[in-house]
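Derivation of every value follows stated rules applied to the coordinates shown; laboratory data play no part. Note that this is a predicted model, so its numbers are computed, not measured. No Cβ is skipped: glycine too gets one built from the backbone with ideal geometry, and neighbour counts run over all protein chains shown.
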Amino acid sequence: MKFAIIKERKDPPDRRVVFSPEALVEFKSKYKEAELIVESSEVRVFRDEDYSDLGIEVSNNIADADVMIGVKEVPIEALIPNKSYFFFSHTIKEQPYNRKLLKAILEKNITLYDHETIVNEKNHRLIGFGYYAGVVGTYNCFRAYGLKHHIFNLPKAQSLKNRNELNSELDKLTIPNLKIVLTGTGKVGSGAKEVLDYLNIKEVPVEAYLTKTYEEPVYIQIDVLDYNTRIDGKVLDREDFYNNAKDYKSTFMKFAKVSDVFIAGHFFGEGAPYLFTREDAKSKAFNIKLVADISCDIDGPVASTLRASTIANPIYGYDPKTENEVDYKNNSAIVVMAVDNLPCELPDNASRDFGTMFLKHVIPAFFNNDENGVLERAKITENGQLTRRFKYLQDYVDRK
């Protein structure tokens, strides 16, 4: 079986890749029967020579490969019929902008595996870039704070070579006495927490955070039951929230009243209550002045997130009185950082981390008859049809 690491063709360019050169060497050492080829790319974070110097074939022609592995959506004209593809297709939520892509995949008899659909038996994702979204998003949070208040000027993360350089920039900071609330305990939350801990910001218990004042910066990391409660007053568990989110209401305002900064790293499920609404943000009790919305659900659970921002222009302001976007330096503005492709800013580390997960969880399935069902669960299309697990997308495909 021949695996190809494909060139990223989406605009703006994405420098990430699923496998670093070193990861492909490990791949080959573990699965000697596998053939590997890398499509030549001028934008990838690792140069063509970085692969070829380690004995990995690099070519402009990958048409004889069986499995094509990329990161972002492949343009329709670049899809090779009758192949298997891995990439983030952004189709499983029926995103209208990619309906034609899924339709073309079916017409070209492509077997599609989406990185988002690579899950275990409990439907928990096995791979993703969430951790580095958390790292870069939290770095950007402090960059935005420094720019707003003219107290420090961090360079953009994308200008830094790797995590070591990012940490070196963080080493220069003195964080003022802020109270920071972080939502989410998954990969995004763990990346964000790691940066907060690296900065020696003290983590405190929820009750103390809500009731005490501090002479040093502090933070809390909260999970869904810390900021949601059942409408009927029953106290159940997280699984109940995930299964019956419509039966809950948000209690996030108790944190908004005492926090200066909000780092949003939570997963927001269908039917879940908004963390804070536009009316909440109008309240005199609402104290949050900066929102780093790493989750970036537009016009949704975090009212100040009117749109995704970009790596080029990552910061904007939200005026709670008018509910409109304003300059983030405006005195009335809540500062918003809502970049939706944060791992792109640290492509070296993000790619290495992703490749480690992919080699651990996905590649073995090609050589053990998919004994754990990883490929079967992840497969969206096969033989020109949607698979049983994704038949719900048929109406989406057929839509005029």
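Each DSSP beta bridge with both residues in the chain is either parallel or antiparallel, and the antiparallel ones are about 30%. Per-residue Karplus couplings for the stretch 3-10, computed as 6.51 cos²θ - 1.76 cosθ + 1.60 with θ equal to phi - 60°, are listed in order as 10, 10, 8, 8, 6, 7, 10, 6 Hz, Gly and Pro entered as x.
Cross-link check: pairs 202/284; 108/379; 234/282; 103/187; 193/284 evaluated at a Cα-Cα cut-off of 20 Å; pairs beyond the cut-off: 202/284; 234/282; 103/187; 193/284.
Taking amide H positions as modeled 1.01 Å from N, with prolines and chain starts lacking one, the residues under 5 Å from residue 309 and 5 or more places away or on another chain are 338, 339, 340.
With 10 angstrom as the radius, rank 150, 115 by how many other C-beta atoms surround their C-beta, starting from the fewest. Let's see the in-between values first.
On the way: 150 8, 115 24.
Sorted ascending by nearby Cβ count, the order is 150, 115.
Using the Karplus relation 6.51 cos²θ - 1.76 cosθ + 1.60 with θ = phi - 60°, the per-residue 3J(HN,Hα) values for the stretch 363-379 come to 4, x, 5, 6, 10, 10, 6, 6, 4, 9, x, 5, 5, 4, 5, 7, 6 Hz, with x marking Gly and Pro.
Our coupling estimate for the stretch 297-311, obtained by passing each phi through the Karplus curve with A = 6.51, B = -1.76, C = 1.60 and θ = phi - 60°, is 9, 5, 6, x, x, 10, 4, 6, 8, 7, 7, 6, 9, 10, 4 Hz, Gly and Pro reported as x. Residues 352, 125, arranged from fewest to most other Cβ atoms within 10 angstrom of their Cβ, appear as 125, 352.
Summarising the strand pairing of the stretch 130-345, around 35 percent of its internal DSSP beta bridges are antiparallel. Largest GNM mean-square fluctuation among 215, 194, 49, using the chain with Cα springs under 10 Å: 215. Close amide H contacts of residue 257 (hydrogens built in the peptide plane, cut-off under 5 Å, sequence separation of 5 or more or a different chain): 287.
State, as an integer percentage, the relative contact order of the stretch 15-67 based on alpha-carbon contacts under 8 Å between residues 6 or more apart. Could you put the intermediate results ahead of the total?
Numbers: 51 pairs, mean separation 20.5, N = 53.
This gives 39 percent for the stretch 15-67.
Per-residue ellipticity at 222 nm, computed for the chain from helices alone with -39500 (n - 2.57) per DSSP H run of at least four residues, works out to -7500 deg cm²/dmol. For the stretch 314-400, taking Cα atoms only, Rg and Dmax work out to 21.7, 60 Å respectively.
With +1 on each Lys and Arg Cβ and -1 on each Asp and Glu Cβ, how big is the dipole of the chain about its Cα centre, in debye rounded to the nearest 20?
Details: 54 positive and 60 negative charges, 172 e Å.
So the magnitude is around 820 debye.
Between the amide H of residue 290 and those of 262, 335, distances stay under 5 Å, these residues lying 5 or more places away or on another chain, with hydrogens modeled in the peptide plane.
Given the alternatives (i) 39, 25, 19; (ii) 33, 23, 22; (iii) 29, 26, 22, semi-axes √(5λ) of the Cα gyration tensor in Å as computed for this entry is given by (i). Checking every one of the trypsin sites (Lys or Arg not before Pro) in the stretch 1-59 against DSSP loop status and a limit of 11 other Cβ atoms within 10 Å picks out 32. The GluC sites (Glu not before Pro) found in the stretch 297-384 that occupy coil by DSSP, while having at most 16 further C-beta atoms within 10 Å, are 323, 371. The residue 119 and residue 150 beta-carbon pair, evaluated with R₀ = 51 Å, returns a calculated FRET efficiency of approximately 0.65.
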